[in-house]
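S.K.: Following this message is one structure expressed as C-alpha cells.
Taken together, the values in this text are just the output of simple stated rules run on the coordinates, not laboratory data. Note that the structure is predicted; figures quoted are calculated from it, not measured. Note that we place each Cβ from the backbone using ideal geometry, even for glycine, and neighbour counts take in every protein chain shown.
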C-alpha cells in the first residue's frame, strides 16, 4: 500500500493536520492541481435498438451488435471526442427487441435515471453463452467507473444478467427495471489501456439485458479516488468462525467496511469495519449449516469504493480443526511424500471436506476431524511435512515400513491428543524433538530401525503412560538416562541396537509393571543390576551383545515369570547359579559366547518348557544327562564350543521337535541316533569337528530338500557317507558338508616275527571306494605299487618291511573327500637269531650290549636310545640291559607276552641323571639291580 496524503491525514492529531494540510495544498498547487476541481469525463453508450437512435452526446450502435462491432472515438457527455473505443469481442447471440420497450405504466424503462426512451430500447443476450465487451484506448494512469443499466418490460421468466470485470461479479435484474443499475468503481486499465467486461445470463434466466453503459473517467489525483478491494477470500477457522482476507488497491482509504448476508436470498448488512492497512477480519460464532456471503469496500470520510468480489461459505460442523487446515496438511503429505508413487492413493485430493477426507485411503475421520493417518507399508518416500503438526486431533499416526526420510517435524508436540506414534522401519533421521514430551497421551512410541541420532531428550520423562517405548536400531548416543525409571506406565522397554553406553541404570527396577526389557546390541558395561532380580513382572530379559561382565546373581531364580532370558555375547563369567532351575516358565535360555565355566547344574532339569537351549561357546565341562530327554518342546539345542564328552544319551530319541542342533567343536563320539529321521521339522544339524562315527541315512528324512548337514571333521567312513548320496556327486539336501574327515581308527604298532604272514585291513569301507596303500619313507607317504585292495597282505614279512603304513581311499560318489586310515607301525623281531645266540633258550638271561652305532632298533645291541619290542612272541625269560652310553632313553615294549620275566637295567649313565623306562605288556615285570 502506498502512503498517500489522505492516509497520513487520517492518522495525525488535529494540530498536525492543519500544518500537514497547508503543506499538502502548497504541493498540490505547485503541481498545477486544484483540490476539488472536477477532472471527470463521462461517456454515454446506447446499446439499444439502432432503429431508435439516441440524440445528443450519446454514442450509438449502428447496425447489429455482432462480434467485431466497434464504436470508435467515443465522445463524452460534453461532446468532446476521444481515442476510446468499445469493441464487441463476443456478441453472445446479442440481438434487439421489437422496440416496444414500454413498461406497464406507459413510461420508458430507465427514464427515472434520466435516460431518454430511445436509449432504453431492448438489447438482449441469450442462453447463457457468455459475451464480452472491451474498452480500449484508455489512459493507463487514470481510473474508471463503469455503470450498467438493463431493462425489459414485464414478461415471464427471469431476466438476470451477470457482469464481471477483473474478477468482480455483479448481478442485474432487468425485469421491469426502472431505477436499478450496477457500477464497477475504481477500475484501472491493463498495460494495453484495456478494460474487459464479461457478461452472461444468470442460471435460471433465459435472457439478460444490457441497454446503457456509462464510462466515467477519473484522472489521477482528482478528488477522493477509491479503488475497490479485490481477491477477497474466506477461510474456515476453529470455533465456528471464518477469516476474511483481501487485497487493498487504494491509496487513500481510511479503512474497510465488511458486509455479510445470510443465505442466497438474504440482504447484506454492515457487520464491522477495520482500520487502514488491515486486510483481514474474523467473523465468529456462526451457525452450523448456514450459508454466509461476504463483501468488502474501502472508505474515507463519506466516500466509498465499489464492493469487492463476493465470497460464500457454508458453515459445516468440522470438529476442532477446520477442513481447510486439514486439507492443506493432507495435500502437503501427498506432495512431500510423493503420493503419485504410493501403493494405494485412492481418492486422495478428491474433495475439500472432512466427509470426503474420510474416503481417502489411510485417512479416518471422527467427530469432524482427521484422527487416524494409517499410511504404513505404502511406499511413502520423500519427507514428512511440517504441516502434519496442524492435524491436532490426530490420535494415530502410522507411517511405519516406508522409505520416507528426513527428520521428525519439530512441532510434533502440537499433536497433544496423539496416542500412537509409529514411525519404525523408515529412513527417518535427525534427533527426537523435545516437543515429543508434550504428547503426554502417547501410549505407543515406536521409532525403531531408523537413522535417528543424539540422546534421549529429557522431555520424554513426561511420557509416564507410554506402555510401549521403543527407540531401538538407531544411532543414539550417551547413557541410558536414569529418568527412564520414571516411565511408570511402561511395560515394554526396547532400547536395543542403539549405541547406548554406560551401565544399566538401577532405576529401571522402579518401573512397577515392566514386562519386557530389551537392551541388547549396545555398548553397555558393568555388571548385572542386582535390583533387577526383584522385578518378578519381567517376562523377557534380553541383554545380549554388550560388554557386561561379572557373575550372575545367585537369586536370579526370583524372576519366576521369565520366559526368555538372553544374555549372550557378553563377558559374564563364573558358574550358572542353581536357582536358574526355578525359572520353570523359561522357553528361551541364551548364555552363549560368554566365559561361564564349571558343570551345567542338574537343577536345569526343571526347565521342561524350554524351546531354545543355547549355552554354546563357553567353558562348561559336561556330559549330556538323560534328563535332557524331558525337554520335549525344544527345537534348538546348542552346546558347541564346550568341553562336552561322551555319547548322546538314549533319551535324545525323545526330542522329536528339534529343528536346529549344534554339537560341533566338542568331544562327543559314537553315533547320531536314527531317531533324527523322525524329527520332520529338522532343517540344520551341525556336528563338525567332533568324533561321531555314524550318521543316519538322511536321504530318508521328510525335510531333506531343506536340510543343512555339516558333518566334516568326524570319523565317518565312505560306507556311511555313501548313504547320503543318490548318485555320483548327487545329494538331495540344501547343504551337505562332509570333507575333510579324521583319520579312521587309532594309530597302532604291530611287532611280528620275521618271515611270518600279516594282513592289515582298511576301515574306509564303501561300495564305490578305491584304495591305495602307502608307506612312510623319509617322512613322505609313498604309494605302494599294486596295493589297491582294502587289505594289505604280507605273506613272508621281512626285516625290510619294517615301517609305518596307511591306506588312502577315495570314492566315486563321495567326491572331494580322501580318507586315510591311522598309521600302523610294523616291527620285525629276529627272535630266532637271539634264540640261537643265547644258547637257544629264552629261559636263560640274555645280555644285549655292545659299542658303536647299530642301524636298527631291532638289532641284538641297543645303543643310544633304541627300543626293544618283543610283541607277538610267546617266549618267556629275562631281558638284561647294561653298559649303555650317556643319553640313552630306554623304551621296552613287552607287547602281549602271556608270561614275561625280569627286566634288568645296570650301569646306565643317562644325561641329567634320569632314565626313562617304558614297559607295556601283560607279563610280570620288575627292575633289578638298577643304579637309577
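S.K.: Going highest first, how would you order 164-173, 746-755, 466-475 by mean Cβ packing within 10 Å? All intermediate terms of the calculation are to be shown ahead of the outcome.
M.R.: Values: 164-173: 17.5, 746-755: 15.3, 466-475: 20.9.
In descending order of packing, they fall as 466-475, 164-173, 746-755.
S.K.: Another question, if that's okay. Taking the Cα of residue 483, stepping 7 Å toward and past its beta carbon, and measuring to each backbone N in region 412-446: which are under 16 Å?
M.R.: Within reach of a label on residue 483, which here means backbone N under 16 Å from a point 7 Å along Cα→Cβ, region 412-446 contributes 413, 432-442.
S.K.: Taking all pairs of different Cα atoms in region 748-827, averaging 1/r and flipping that mean, what Kirkwood radius in angstroms comes out? Each step should come with its number before you reach the end.
M.R.: Numbers: mean 1/r = 0.0761 Å⁻¹.
Taking the inverse mean of 1/r over all distinct Cα pairs, region 748-827 comes out at 13.1 Å.
S.K.: Right, something else. What distance in nm lies between label points placed 7 Å from Cα along the C-beta direction at residue 203 and residue 355?
M.R.: 1.7 nm
S.K.: Could you give the distance between the Cα centres of region 503-529 and region 435-464, to the whole Å?
M.R.: Region 503-529 and region 435-464 have Cα centres separated by 18 Å.
S.K.: Put a dot 7 Å past each Cα toward the Cβ at residue 708 and residue 251; how far apart are the dots in nm?
M.R.: 8.5 nm
S.K.: How big is the gap, in Å, between the Cα center of region 558-578 and the Cα center of region 211-281?
M.R.: 78 Å
S.K.: Viscosity 0.890 mPa s, temperature 25 °C: give me the Stokes-Einstein translational D for region 546-593 in µm²/s, with Rh taken as the Kirkwood radius over C-alpha pairs.
M.R.: Details: Rh = 11.1 Å.
Here the translational diffusion coefficient equals 221 µm²/s.
S.K.: I'd like to know how region 568-610 sits against the 2.2 N^0.38 Å rule of thumb: what's its Cα Rg over that expected value? Before the final figure, lay out the partial values.
M.R.: Values: Rg = 10.6 Å, N = 43, 2.2 N^0.38 = 9.2 Å.
Cα Rg divided by the expected 2.2 N^0.38 Å: 1.15.
S.K.: Any chance you could check the Cα centroid distance between region 785-814 and region 288-366 for me, in angstrom?
M.R.: Each part reduced to its Cα centre gives a spacing of 96 Å.
S.K.: Among 438-449, 192-203, how do they line up by average Cβ neighbours within 10 Å per residue, starting with the highest? Can you show the working numbers first?
M.R.: Details: 438-449: 19.9, 192-203: 17.6.
Averaged packing, sorted descending, gives the order 438-449, 192-203.
S.K.: Shifting gears a bit: Multiply the residue separation of residue 549 and residue 57 by 0.36 nm, subtract the distance between their alpha-carbon atoms, and state the gained length in nm to one decimal. Mind showing how you got there, number by number?
M.R.: On the way: separation 492, 0.36 × 492 = 177.12 nm, distance 10.85 nm.
Contour length minus the Cα-Cα distance gives 166.3 nm.
S.K.: Next question. If I take R0 = 41 Å and measure r between the Cβ atoms of residue 317 and residue 525 in this structure, what FRET efficiency does the formula 1/(1 + (r/R0)^6) give, to the nearest 0.05? Let's see the in-between values first.
M.R.: Values: r = 58 Å, r/R0 = 1.42.
Given R0 = 41 Å and the Cβ-Cβ separation, E is 0.10.
S.K.: Could I ask something else about it? What translational D, rounded to a whole number of µm²/s, comes out for region 230-315 from Stokes-Einstein when the hydrodynamic radius is the Kirkwood one over Cα pairs, at 25 °C and 0.890 mPa s? Provide the component values of the computation, followed by the final result.
M.R.: Details: Rh = 13.1 Å.
The estimated diffusion coefficient comes to 187 µm²/s.
S.K.: Given the peptides 144-150, 454-460, arrange them by the average over their residues of other C-beta atoms within 10 Å, most packed first.
M.R.: Details: 144-150: 22.3, 454-460: 16.1.
Put in order of decreasing packing, that is 144-150, 454-460.
S.K.: Further question: Among 246, 781, what is the fewest-to-most ranking by other Cβ atoms within 10 Å?
M.R.: Details: 246 25, 781 17.
Lowest to highest Cβ neighbour count: 781, 246.
S.K.: Tell me the label-point distance for the pair residue 699, residue 290, using the 7 Å Cα-to-Cβ offset, in nm and rounded to one decimal.
M.R.: 9.1 nm
S.K.: Right, next: Rounded to two decimals, what is Rg over Rh for region 148-300 when you use alpha-carbon atoms and the Kirkwood radius?
M.R.: Numbers: Rg = 17.6 Å, Rh = 17.6 Å.
Rounded to two decimals, Rg/Rh equals 1.00.
S.K.: Here is a further query. Give me the number: length gained by fully extending residue 643 to residue 575, i.e. 0.36 nm times residue separation minus the C-alpha to C-alpha distance, one decimal in nm.
M.R.: Numbers: separation 68, 0.36 × 68 = 24.48 nm, distance 1.45 nm.
Value of the extension gain: 23.0 nm.
S.K.: Now for a separate question. Rounded to the nearest angstrom and ordered from largest down, what semi-axes does the equivalent ellipsoid of region 637-745 get from its C-alpha gyration tensor (root of 5λ)?
M.R.: Details: eigenvalues 75, 62, 28 Å².
Result for region 637-745: semi-axes of 19, 18, 12 Å.
S.K.: Still on this model: Quick one: in region 352-420, what % of C-alpha pairs are over 18 Å apart? Don't jump to the answer; show the numbers that get you there.
M.R.: Numbers: 880 of 2346 pairs.
Tail fraction, whole percent: 38.
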